[in-house]
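Take a look at the structure below.
Please treat every number below as a calculation from the coordinates, not as lab data. What you see is a predicted model, and the numbers here were worked out from it, not measured in a lab. So basically every Cβ, Gly included, is an ideal-geometry build from the backbone, and we count neighbours across all protein chains shown.
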Amino acid sequence: MRIIIILCMSTNGTTLEGLGHGQRGVIRAVDAQCPQVQRLMTLGLVEGAEVVVAGSAIGGDPLELRLFGRGISLRREQARHFSVTPVGSGD
Amino acid sequence: MVGNPNSGKSTLFNRLTGLRQRVGNYPGVTVERHVGVLDVDGRRIELVDLPGTHALSAHSAEELIAIDVILGRMPGTAAPDGIVAVLDATNLYQGLYLVQQLLELSVPLVVALTMTDAAATAGITIDIDRLSARLGGVPVVPVVATTGRGIDTLRIAIAAIDKSEPPLIEPAWPALRDAATRLLDGTAEPAQRVAVERLLIDGPNASNQALLDGLGADATTRLRRAQDELFGLDPPLAAEARARYAWVRAVLADVQAHGARLAGWRTRVTDFVNRPLPGTLGLFLVMAIVFQAVFAWATPMMDLIDDSAAALGGRAIGLLGDNAFGSLVADGVIAGVGSVIVFLPQILILFLFIILLEDSGYLARAAYLMDRAMRSVGLSGQSIIPMISSFACAVPGIMATRVIPNRRDRIATILAAPFMTCSARLPVYALLIAAFVPDESVGLLNLQGLVLFGLYLFGIVMGVITAFVMRQTALRGPKPPFALMLPEFRTPNLRTVMIQLLGRVRVFLRRAGTVIFVVAVVIWALAYFPRSALVAAERDTAMAEAAMMFAGEELAAAEADIDNRAAARQLEQSFLGRAGKAVEPVFRPLGWDWRVSSAVIAGFPAREVVIAVLGTVYAVGDEADESTLTERLRNSRHADGSPVFTLPMVIGLLIFYACCLQCAATLAVIRRETNTWRWPVFAWTYMTVIGYTGALLANQLL
């Protein structure tokens, strides 16, 4: 049981894609070279912003995030470019 | 008026100007231009509602318009004397990003802080004075646009805008300002400097070409050197976002406090539809309701309009006599107007639902839920609403593609939309299915219903294949970034909904209505002229004979029959009938005779006229009941005595109908929305070739 949790942390804990449902995280770094990502940065997904994963569409893609209380949706392939620091689990 | 999408800007605009607004277009594009008039203390202020934008860097055609107007680079539109910045109190984070960019223009500015009621419910408190101080001392007016609270204060603030001092604000990114000032040799006004800052960030493009040319001969080199110094390897947009959001976070920490959120019904609804399965099922339910409404609710109204137009036409013939002028009024003008307004009930209901879904914030969620499915065929979630709308009519469907920011996605969606089974195809399907598909059960299902369903499915599949193939070939390109804001659910404002509904119906009538009407009159003329004196004389003889042989009801029936036969013979030798005979060899391999060919030709500019033409050509009158027409179709024979309407031929005809772009209004709208003849010509040719090939294969192979 414990091993599973550690595995989840190590594979999922580092990017936005890996945050679980309801989990909160602060964006640590953005791989901004990817043009898919720049629009999201203009919308506020930049270093230092805190987000909560609010859900996903059927099949787990795209994701819905809450950014300062506002819903914003992005695809998993874009979420991969955001490194986050999880900050406990919000509800 | 500038603000983020969904910031309550349009509601506020409608509240400020009421019905005193005009909707036009910006030159060369299909973005609507809303201008309203505001009267304060005898002063007349022109207020322009710009398309919503998140930043001064454009992501879609609409955003580009907003930015061009703000920066004063829109031809024919003067730079604004002042800006009303609409700031959503529940979304200061994104709102302040734009406001900060606007402040750096040093144009007099008023901040309208909207949704203050929703912010209070969400437990957000905002220190207005401190916010105003942080924004360089500009007035910040809290309003609730739906109830009108604060509107008078805002009006007064807007009236005083030209007397107020431009905001004084420290730049969020001093290095950017310095670089722009250096490029301008230090002589620029703030607005021009901001335009150069945009040039530094966005790079040269069509909108700022004039500005770049004005910077001197070596401008491009100097620009590139400045960009290298400023951004290094960082993408400019990313660097800008980092710098400005750092400022926004500092302001937020200073002016905004979060209390406990009061969980209202909105939160609960949002939480429920956030879950993937209920969300998707909910979307299907919503789509089913829209469908049901568009088709079931509109039918009685449409029948009423149809009957009224026919009755009115009959009255006109009675009044004006059965001559060319009477026929023009009855079968040309009245039938033409009728064929336009018969669409109105469906269009009204469709627009009403779309506006309600849009204003309640659900449309974005539909796009989010359907994104994965649409992506697998090369489109994005935003294509779903145009596709659904096209089941009523491709015209509003194609107009709805404006929400798709990426041009390739948008054109692929426009090309797929006309394949959706629109309501004008339905009567033809119904007639042919009733006539030639046996009314029997297949398991639990009815075969006729199954065929109709199959035709709907066929349209969807053809549309999807088209979009997919186009996205792989002519419209091949990098995957556009997907970034969709999901607004909170809110109750739509009745006033805003009604103003929007009126506006959209007016646009539909202007774009589609005029085309449909002209087409109806032209087809009437082609089917009416030239008149044969011989046929008319023979009709009169037959009438005289009938008058001697029959009486009472028998006479009336005989006269109607003679009239219908005469009309059929007149049509046979009319321009339309001759054209049908001329092209018969082309359609011969599909199993069609000249009658079907004539009807199909008449249907090319407007597919809904086919039934009326078939009615005339088979001598049952153009208002004949279906069973008589069905009977005639079944008995129709080629010259060699073989039946015309064989099952393979009917299947081919249905395929032809499902594929062909027989609608001048759709072509006109594609031309308008894509701003080139290339796409309508391509769509028409492509769809006709597919329809012809499909019908040919069906007739030859089945």
Over the stretch A:2-89 - Rg/Rh using Cα atoms and the Kirkwood inverse-distance radius: 0.95
Spin-label pair B:Thr676/B:Arg495, simplified geometry with 7 Å Cα→Cβ offset, distance in nm: 4.4
Check: the stretch B:1-121 dipole with +1 on Lys, Arg Cβ and -1 on Asp, Glu Cβ, in debye: 240
Three-way shape label, the stretch B:108-180, alpha-carbon gyration tensor, a/c 1.5: oblate
DSSP-defined antiparallel bridges as percent of all bridges, chain B, nearest 5: 65
Shape call, the stretch B:73-217: gyration tensor on alpha carbons, a/c limit 1.5: prolate
The stretch B:396-502 - Rg and Dmax from Cα coordinates, angstrom: 19.3, 51
Likely footprinting exposure, B:Met549, A:Met41, fewest C-beta neighbours within 10 Å first: B:Met549, A:Met41
Ranked list, fewest to most other Cβ atoms within 10 Å of each Cβ, for B:Leu283, A:Leu63: B:Leu283, A:Leu63
Amide hydrogen neighbours beyond the local backbone of B:Leu109, cut-off 5 Å, H modeled: B:Ile83
Chain lengthening between B:Arg44 and B:Asp129 when straightened (0.36 nm per residue, less Cα-Cα): 27.7 nm
B:Asp228, B:Asp271 arranged by Cβ crowding within 10 Å, fewest neighbours leading: B:Asp228, B:Asp271
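Compute and list, largest first, the equivalent-ellipsoid semi-axes of the stretch B:2-163 from the alpha carbon gyration tensor, each √(5λ) rounded to a whole angstrom.
23, 18, 16
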Karplus (6.51, -1.76, 1.60) ³J(HN,Hα), θ = phi - 60°, over the stretch B:222-228, in Hz, Gly and Pro reported as x: 4, 4, 4, 5, 5, 4, 4
Dipole moment magnitude, nearest 20 debye, the stretch A:2-89 about Cα centre, only Lys, Arg, Asp, Glu C-beta charged: 120
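If you take the Cα Rg of the stretch B:427-585 and divide it by 2.2 N^0.38 Å, with N the number of residues, what do you get?
1.75
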Other-chain or far-sequence residues with amide H under 5 Å of B:Leu486's (modelled H): A:Gly71, A:Ile72, A:Ser73
Whole-percent pair-distance distribution, where bins are 5 Å wide, for the alpha carbons of the stretch B:174-258: 3, 14, 24, 22, 16, 9, 6, 4, 2, 1, 0
Chain B, helix-only ellipticity at 222 nm - DSSP H runs n ≥ 4, -39,500 (n - 2.57), divided by all residues, nearest 500: -19000 deg cm²/dmol
Karplus-derived HN-Hα couplings along the stretch B:544-555 (A = 6.51, B = -1.76, C = 1.60, θ = phi - 60°), whole Hz, x at Gly and Pro: 4, 4, 4, 4, 7, 8, 10, 8, x, 5, 4, 5
Derived scalar couplings ³J(HN,Hα) [the stretch B:235-242; Karplus, 6.51 cos²θ - 1.76 cosθ + 1.60; whole Hz; x for Gly, Pro]: x, x, 4, 5, 4, 5, 4, 4
Alpha carbon centroid spacing (whole Å) that separates the stretch A:68-85 from the stretch B:24-65: 31
Global geometry of the stretch B:347-461, whether rounded, prolate or oblate, following the gyration tensor of its Cα atoms and the 1.5 cut on a/c: prolate
Compactness of the protein assembly as shown - radius of gyration and Dmax, Cα, Å: 31.1, 104
Quarter of the Cα convex hull surface for the stretch B:268-326, i.e. its orientation-mean projected area (nm²): 6.3
Cα lying deepest toward the dipole's positive end in chain B, options B:Val23, B:Ile611, B:Ser360, charges on Cβ: B:Ser360
Viscosity 1.567 mPa s, 4 °C: Kirkwood-radius Stokes-Einstein D of chain B over Cα pairs, µm²/s: 45
